[in-house]
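Below is one structure, written out as structure tokens; the observations come after it.
The values are calculated or read from the model by the stated rules, or taken from the named source; none is laboratory data. Bear in mind the structure is a predicted one, so any value in this text is a computation, not a measurement. Cβ coordinates were reconstructed from backbone atoms using ideal geometry, including for glycine residues, and neighbour counts include every protein chain displayed.
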2 protein chains.
Amino acid sequence: VSFSLTILGSSSALPTSKRFTSAHLLNVDERLYLIDCGEGVQMQLRRFKIRFGKINHIFISHVHGDHILGLFGLLSSFNLLGRKEPLHIFSHHDLQKIISPNLQWLLGECQFPIVYHPVKPSGSELIFEDDKLTVHSIPLKHRIPTVGFLFREKSRMRNIKKEAIEKYELNFGEIVKIKDGADLRTKEGLVVSNNELTDPSFRQRSYAYCSDTAYYESIIPIISGVDLLYHEATFLHKELKRAKDNFHSTALQAATIAEKAKVKKLLIGHYSARYKDVTPLLDEAKNIFPDTEAVEDGDIYNVELSK
Amino acid sequence: VSFSLTILGSSSALPTSKRFTSAHLLNVDERLYLIDCGEGVQMQLRRFKIRFGKINHIFISHVHGDHILGLFGLLSSFNLLGRKEPLHIFSHHDLQKIISPNLQWLLGECQFPIVYHPVKPSGSELIFEDDKLTVHSIPLKHRIPTVGFLFREKSRMRNIKKEAIEKYELNFGEIVKIKDGADLRTKEGLVVSNNELTDPSFRQRSYAYCSDTAYYESIIPIISGVDLLYHEATFLHKELKRAKDNFHSTALQAATIAEKAKVKKLLIGHYSARYKDVTPLLDEAKNIFPDTEAVEDGDIYNVELSK
């Protein structure tokens, strides 16, 4: 069962010859969730051979151009390709005000429903769930209302042991209850504890996307212990003033958040176009939080199943 | 003195992993003219190492997304990079109605003037000139009002012979008049014809951009004899019905126009995404007009100086 993240764009506001603007794609068991949508997302999806017709859910952090301009082309291509499936977009309500007036010239007749789900910029809350995962908002600190997103697998049922099914001649109803955590009461009136009948389920994997944001400790309890944290690191810490002025973070600050939140792995990105080589940003972060990686367009990060 | 065309996008409405949507860049003596502006133009400009801050003139054929979506990101980057120079945009007046309402969220405060020059979709007329060239509109036949563009170098002054300057002891005023085509009247009252004093100037080079359009013979007199003709060839001729229904051309039709207009070289592009390999389109065109090339993103076509 996959839980993997593909980086579609790793640059900040100005793209470079190597880096497109912000966009991530999370694949959870072959269901695709798009997170932010910078210019050229549809080209990146094609380049990385992602069947983007399968995207039904898009999460937008904030309505700056480098996070939303790819929506226009993506919507246009969905329409040209005959999409009928509803497309769900989660974002601040300003996004709808931006997109809607452009649909007429862009699409003519839109063939599929676009369902906007407004996300409040303050207070973390459950904004989406399906049978695979839950998504919570993460209020961030930026020039305009901005939220990150916490994706977490749903708790899985416990794995029943084969030998237990045989030994106790379990029927279907009993199996379902046991997988759900119940103990077994045998015909003889004996109670067999669930631990004896099952193996523990796999851990729920999680991914937190935090971009764009200034250094903001309020997010720490929300993202505590996640497997993967993506935190923007637009500048080196020697550009702290510039980072603060623009409500962005330095690599050192991203690593500090990761360290305080005790996450398993930190990914940094959203680099200022001034850094062609991002090794200095990576080094700065690793100094605080060793398990850091600096993302590049096309990188894939898998979170493996574990108990 | 350069007169060269760079292909920034060769696909039709749907980009592919190899081909971005429509955009060309014409470089005339290091002055850059952008023609159409599909999504991702700014990334292509960077990829092909074009100093795009030098672009002051953009010509838009029509307001379909695959010809204009790159404008948003380009305007945003111009603004972020501190552009102050006016940007001149030549297009149907609908473009301004599309762009203007988006500027507030896209740019905040726009730091540079955007000057819209409305182009009428009927009747070829001079829409722009500077000291390097003239640009005439070419009315095309498409679903919405669409024009192509004819770029032609301005006539150059004749090259005065060194030996003539010495022989007749020409002063500055005389040289200017002779370069402009005048004969010389010597102090002795003798008339020396301009042909004896000068070499002929170079030929005026020309480029015609015709996309998107159905087969439309009315353009032939306008583009007659151009050095380079770009004519869309969205489909193979066996898809003629589909081409007609969508007001596009087949490769055979593009070549027929080239042949009837007696152009020097034909470039085809704007391929339907169904053609990963465009050799069949090229073969079909070459069968009618041998000097055809099928463009790909990043191709550069130079027109050399000749007399």
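Structure summary
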quantity	calculated
One residue from A:D66, A:D36 being over 13 Å from the mean Cα position of the chain (by Cα) and of a type outside the set (S, T, Y)	A:D66
Matching entry among B:K286, B:K276, B:K262 (being within 26 Å of B:L133 (Cβ to Cβ) and among the charged types (D, E, K, R))	B:K262
Any hit, the range B:138-146, residues being within 28 Å of B:S306 (Cβ to Cβ) and either within 14 Å of another protein chain (Cβ to nearest Cβ) or not polar (S, T, N, Q) (or both)	yes
Qualifying residue in the range A:110-126 (condition: within 13 Å of chain B (Cβ to nearest Cβ) and either touching a residue at least 24 places away in the same chain (Cβ under 8 Å) or within 25 Å of A:S206 (Cβ to Cβ) (or both))	yes
Residue under evaluation B:K132, criteria (1) more than 13 Å from chain A (Cβ to nearest Cβ); (2) at pLDDT 95 or above, criterion not met	(2)
A:V135, sole failed condition from (1) farther than 24 Å from A:H231 by Cα; (2) surrounded by 13 or more Cβ atoms within 10 Å (Cβ to Cβ)	(1)
Residue in the range B:182-196 that is within 17 Å of B:K262 (Cβ to Cβ) and either surrounded by 14 or more Cβ atoms within 10 Å (Cβ to Cβ) or modelled with pLDDT of 95 or more (or both) present	no
Condition met for A:K307 (closer than 29 Å to A:D180 by Cβ, in contact with a Pro (Cβ under 7 Å, 6 or more places away or on another chain) and touching a residue at least 12 places away in the same chain (Cβ under 8 Å))	yes
Flag for B:H93 being surrounded by fewer than 21 Cβ atoms within 10 Å (Cβ to Cβ), more than 14 Å from chain A (Cβ to nearest Cβ) and at pLDDT 95 or above	no
Among (1) within 28 Å of B:R51 (Cα to Cα); (2) facing chain B (nearest Cβ under 10 Å); (3) in contact with a strand residue (DSSP E or B) (Cβ under 8 Å, 6 or more places away or on another chain) - the single one A:C37 does not satisfy	(2)
Boolean, B:G123 is assigned to a loop (DSSP other than H, G, I, E, B), surrounded by fewer than 14 Cβ atoms within 10 Å (Cβ to Cβ) and modelled with pLDDT under 95	yes
Strands (runs of 3 or more DSSP E) fully within the range B:194-299 counting 3 or more residues that are aromatic (F, W, Y) and in contact with a strand residue (DSSP E or B) (Cβ under 8 Å, 6 or more places away or on another chain)	none
Among residues of the range B:1-27, those that are modelled with pLDDT of 95 or more, aliphatic (A, V, I, L, M) and over 19 Å from B:A233 (Cβ atoms), counted	2
Some residue of the range B:47-57 being in contact with a Ser or Thr (Cβ under 8 Å, 6 or more places away or on another chain), buried (at least 24 other Cβ atoms within 10 Å of the Cβ) and at pLDDT 95 or above	no
Single residue of A:Y230, A:Y216 found to be under 21 Å from A:I138 (Cα atoms), of a type outside the set (A, V, I, L, M, F, W, C) and surrounded by fewer than 24 Cβ atoms within 10 Å (Cβ to Cβ)	A:Y216
Set A:L107, A:L87: member being farther than 11 Å from A:A23 by Cβ, in contact (Cβ under 8 Å) with a residue 12 or more places away in the chain and within 11 Å of chain B (Cβ to nearest Cβ)	A:L107
Qualifying residue in the range A:35-42 (condition: surrounded by 24 or more Cβ atoms within 10 Å (Cβ to Cβ), within 20 Å of B:L74 (Cβ to Cβ) and touching a residue at least 60 places away in the same chain (Cβ under 8 Å))	yes
Members of the range A:46-67 that are aliphatic (A, V, I, L, M) and either at the interface with chain B (Cβ under 9 Å from one of its Cβ atoms) or part of a loop (DSSP other than H, G, I, E, B) (or both)	A:I50, A:I60, A:V63
Residues satisfying the stated conditions in the range A:147-156, i.e. exposed (fewer than 14 other Cβ atoms within 10 Å of the Cβ) and either assigned to a helix (DSSP H, G or I) or not charged (D, E, K, R) (or both)	A:S155
Single residue of the range A:7-30 satisfying the filter (farther than 19 Å from A:T134 by Cα and more than 12 Å from every other protein chain (Cβ to nearest Cβ)) that is surrounded by the fewest Cβ atoms within 10 Å (Cβ to Cβ)	A:I7
Residues of the range B:191-223 satisfying the condition of being among the β-branched types (V, I, T) and within 36 Å of the chain's Cα centre (by Cα)	B:T198, B:T213, B:I219, B:I220, B:I222, B:I223
Pair list, Cβ < 7 Å and 6+ apart or interchain, from the range A:173-195 residues that are in contact (Cβ under 8 Å) with a residue 24 or more places away in the chain to residues that are among the β-branched types (V, I, T)	A:V192/A:T186; A:N194/A:I178
All positions within the range B:91-104 that are in contact (Cβ under 8 Å) with a residue 24 or more places away in the chain and farther than 13 Å from B:H57 by Cβ	B:H92, B:H93, B:D94, B:L95, B:I98, B:I99, B:N102, B:L103
Residue tally, condition over 36 Å from the mean Cα position of the chain (by Cα), part of a loop (DSSP other than H, G, I, E, B) and among the hydrophobic types (A, V, I, L, M, F, W, C), over the range B:172-190	1
Residues being exposed (fewer than 14 other Cβ atoms within 10 Å of the Cβ) and touching a Leu at 6+ places or on another chain (Cβ under 8 Å) - total across the range A:96-113	1
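Yes or no, residue by residue, for (1) part of a strand (DSSP E or B); (2) within 16 Å of the chain's Cα centre (by Cα); (3) closer than 30 Å to A:I219 by Cα:
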position: A:K97; (1), (2), (3): no, no, yes
position: A:L106; (1), (2), (3): no, no, no
position: A:F112; (1), (2), (3): no, no, no
position: A:V115; (1), (2), (3): yes, no, yes
position: A:F128; (1), (2), (3): yes, yes, yes
position: A:K141; (1), (2), (3): no, no, yes
position: A:P145; (1), (2), (3): no, no, yes
position: A:A164; (1), (2), (3): no, no, no
position: A:L170; (1), (2), (3): no, no, no
